[in-house]
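Working notes, structure below.
Every read-out reported here was derived from the displayed coordinates using simple, explicitly stated rules and does not represent laboratory data. Note that the structure is predicted; figures quoted are calculated from it, not measured. All Cβ positions, even for glycine, are placed from backbone atoms using ideal geometry, and neighbour counts span all protein chains on display.
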Amino acid sequence: MKNSSRCVRHRAWSLLAVFGACWLTLASPAAWANCAPDGGGPFAGRGGPGPSAPLQLPAQQAVAAPVPAAATDIQSEARRALSAIQRIEDADTALSLAADGAALYAREAVKLDGYAYCSQAVELAEKGEFRESAQAASKALHVALATNNTDLLGKAYRDLAIAFSYAGQLERAEQFANLALKYPGVDPTQVDGPARKTLGDVRTRQGRYDEAIASYEQAQQESSERFRPLVDASLANALILSGNLARARTTLDALATPSEPAELAQLQRTRGRLLLAENKPAEALTLYQQLADAPVSGDEGFYRAWALDGISKSEAALGNDAQAAQALDQALGVFDKARSKFRSDEFKMGLFSDLQSVFERAINMHSKLGQSAQAFDISERSRARALLDAVAGRADVDNDTAAAMDATTLEQMLKPDEVVVAYHDLPDRLVAWVLSNEGVREVKFSTALPRKDLARLVDAYRDTLIRLNPNASNIGDQIGQLLLAPLGIPAGKRIIIVPHGPLHYLPFQALRLDGQYLIQRNPISIAPSISIAAKLAQRTPTTTAQLLAFGNPTINPEVADPLPGAEREVHELAQQFPGAKLFFNAQANLTNFRTNAPQSHLVHVAAHAMADPLDPLHSKVLLADENGEPNYLEAKDVLGMDLHNVAMIALSACESGLGRVEDGDEVLGFTRSFLSAGTSTMLVSLWPVSDAATEKLMTTLYTDLAKGDQVQDAMRAAQLAVMKDPATAHPFYWAPFNLIGNWRLRIVK
């Protein structure tokens, strides 16, 4: 079977056709300006067939281009940049960022000085607007290239490094920091110090403390007087983590008292960390109690919560588990009320605080005390908080919908044939709970499965499926024994799986138990939070057969292949829904989606999609070009829509269910965006999907839905139908799609 994919094609040759000569010659500012696309060039956020697809550059073209003397430095930089970042995803290479910057700059009504874009980039990064920060820096990068301004070039790379570092994209941050160091500019302290510190931050977060310390030491020598205290604070934290406590003490004691209250509070947290590392928990407890009693003005909740977290650590070190658990519960209560905001001051001082770690310690503590229900409740609260933090300041989320429900309330909502399996991956082990109408129990796994091992396991199995490895079933058996067998769930039970961390990317339906794939044994669905799914199931138990569908949007062929199977798919499934409103080709555009989706009950989109690893709120479904320009639906746009009338949306596209997993939980992507906007049920994919197999799966699914089958049963039947065909029996073809949200949905006529 021809495996035509619904993924945006990897277009290195096309990029070079449009931008290559400009990068490789750069004869003059005018030459670069002539190369800038006027809104009609290749889509700026192009993606490849997988998350690690390299940018392949035709070497013969690179060596053949003539190089005017005036452009030698910048042309060499272009080559070095492309070589240095060859392994970065195409969407975030310097080449595509420069192209993106050129396109954005061309559309600017008022064109700013390149340094003004750098200022914007820094300001946006400190607000947590990482994609917007990168876009501002890309405009600075374009101006630098267009004017052969190497001073601005270094600053643009510096700001890209900072944006990617704040966003947790460490490989990209390192690459751009190294590029920045090649262009120190007029005042090297403005580039070298921040770039070296960024490299230290990357190494600290990777646990490579000796290398981090070396980078911070270099940053000390190359920073301005104003910037150096931040380097020193970061160095102190790295020294604490490395175990060099004597030097950490000397470094901290030499620091001047910051004038900013937020920075002072962060420095005191560092001092508390050191006291705990020095095995002085009583002194640490006193310091943290003082912090809790003297919060930072204007942001009392956040800093008091971290002080309570420190109190908990101190009490635990003193052997007072009950007091430690009480302080943790207090901290979580304060965090629940504290406003969500990205705080760059933490990153500036090397703290890299992770709120989810507080939830993890609370889960561990209550699990240790044998309080399974409390541990489950905290896990659910952590999921609600992750959602609210992900959209903080950028979109409104229905807090009632996002709020967690406790185990007792959820038990009463479950039917006898329904079982919830909730996982939570902790740094050192995997925890799971099985929740039914009879109560909640914690599952003990014979293998600890630390987070790093679990992530590698999921990546390896996903790679096995994507590569059509014939040994996939054996591997599915092994993972099934690890993750499913200890649950003790009988065949036939309806399972709602609540994944966590890397498990968001695991196709549970393709795991095996008792010689069968799980989907053969049990109807299953996925929920980012059982509280959210349960509320959606209560609110929308049924819907009417009103279908809105988009198929095969017309997109610039330099960006993506057409999808004839998607068009057939929409025509076929529409036969089950008389009066369906269908949009194809040029009409399958964003304008028609925005106009019609809020009033529709079933929405189906068969198109290309791309996950954005830098900022999942910028993940895209590519709809038809409008007015000669690319147009697409972004996850952040969805959050601003009212989709409470939508009972189900199917994103029949590649990787539409991906977001970004970091620090233990899924970060917002299309799944959370649509559910938060009011959609009850979703179908999304975990990897590049086969056009033909997806067509069969979707038409089978909608046929059974139209008959009145519960969506969980319809999804199971659709996957089994694809599996039954020997040509598509491999899980690659039938397992990419997850059913998410309201598992009870039915269509009534």
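Could you give the C-alpha radius of gyration of the stretch 539-748 expressed as a fraction of 2.2 N^0.38 Å, taking N as the number of residues it contains?
Scaled against compact globular proteins, the figure is 0.94.
In terms of Cα to Cα distance under 15 Å, which aspartates and glutamates are near enough to Lys749, apart from those fewer than 8 places away along the same chain?
Result set, ordered by chain and number: Asp704, Asp709.
Could you order the peptides 510-521, 478-489 from most to least packed, using the average number of other C-beta atoms within 10 Å per residue?
Values: 510-521: 20.4, 478-489: 17.3.
By packing density, highest mean first, the sequence is 510-521, 478-489.
If you average the sequence gap of Cα pairs under 8 Å that are 6 or more apart and divide by the length of the stretch 125-181, what percent do you get for the contact order?
That works out to 34 percent.
Nearest 0.05, what FRET efficiency do Glu442 and Gln412 give at R0 = 22 Å with Cβ-Cβ as r?
Once rounded, the FRET efficiency stands at 0.65.
Under 5 Å between amide hydrogens, which residues at least 5 positions from Arg429 or on another chain qualify, with H placed 1.01 Å from N in the peptide plane?
Correct list: Arg451.
Give Lys444/Lys493; Lys127/Lys581; Lys155/Lys636; Lys581/Lys707; Lys313/Lys415; Lys452/Lys724 a once-over and call out the pairs whose C-alpha atoms are over 30 Å from each other.
Exceeds cut-off: Lys127/Lys581; Lys313/Lys415; Lys452/Lys724.
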